[in-house]
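For reference, the structure is listed below as C-alpha cells.
The values are calculated or read from the model by the stated rules, or taken from the named source; none is laboratory data. Note that this is a predicted model, so its numbers are computed, not measured. With ideal geometry, Cβ positions are generated from the backbone for all residues, glycine too; neighbour counts draw on all protein chains shown.
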Amino acid sequence: MSKAVGTRETQTHTDLDSGAALWVKNNVHRIKDLPRPGVKWKSDVPGFSGSLVRKLLIEDLIERVPGGVPGEKRFYRTKPEAYEAVQVFKEKSEESDRLLPCDDESCPGKGFVTTSEGLECKYCGEVHDKEVIR
Ligand SMILES: [Zn+2]
C-alpha cells in the first residue's frame, strides 16, 4: 500500500504518483479501454496482453483479485485512481483529437503500432519517437 508520493506536482491532476501518471499519459492509447473500477476482469479483455497486464501491475494501476481457480485466468480489478487518470489523459488527448502529431494534417493520428523504431501510425505510416508523446 505504500506509495512514493513526490512533493512535486504532476502537470495534470491525478492521484497517481508521478511515475505512474507519466506512464498512463504515455500509454493512454493502449489502455483507454481499461475496465472501470469495481468490475472484476480477466486478462483476456481485448487489447490487454499478458505483458500489458504485468506492466499495469508493476505501475500499481490494477490489482489481482484473490482466489480464482488454479490454472484458469486470473481476475484483476482496476484501481479507482488509475481509472480516473486514464479518463483525464484520454480527455486531454481527445481535446486535440490526436494522440500523436503526424505531419499529415488530415491524419487522425489515433492508431499506432509499436515497432523497433518507435510508434508507427496505422493511418499515414509515419514513425514517431516515443518521446514525442506528451
Ligand atoms: Zn498519421
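Of the residues screened, Pro37 is one that is surrounded by fewer than 16 Cβ atoms within 10 Å (Cβ to Cβ), in contact (Cβ under 8 Å) with a residue 40 or more places away in the chain and not basic (Lys, Arg). If only residues of the stretch 56-114 that are within 11 Å of the ligand (Cβ to nearest atom) and buried (at least 19 other Cβ atoms within 10 Å of the Cβ) are counted, the one that is modelled with the lowest pLDDT is Leu99. If we scan the stretch 5-22, do we find a residue that is modelled with pLDDT under 85 and under 24 Å from Leu119 (Cα atoms)? Within the stretch 5-22 (the criterion being modelled with pLDDT under 85 and under 24 Å from Leu119 (Cα atoms)), the answer is yes, since at least one residue qualifies.
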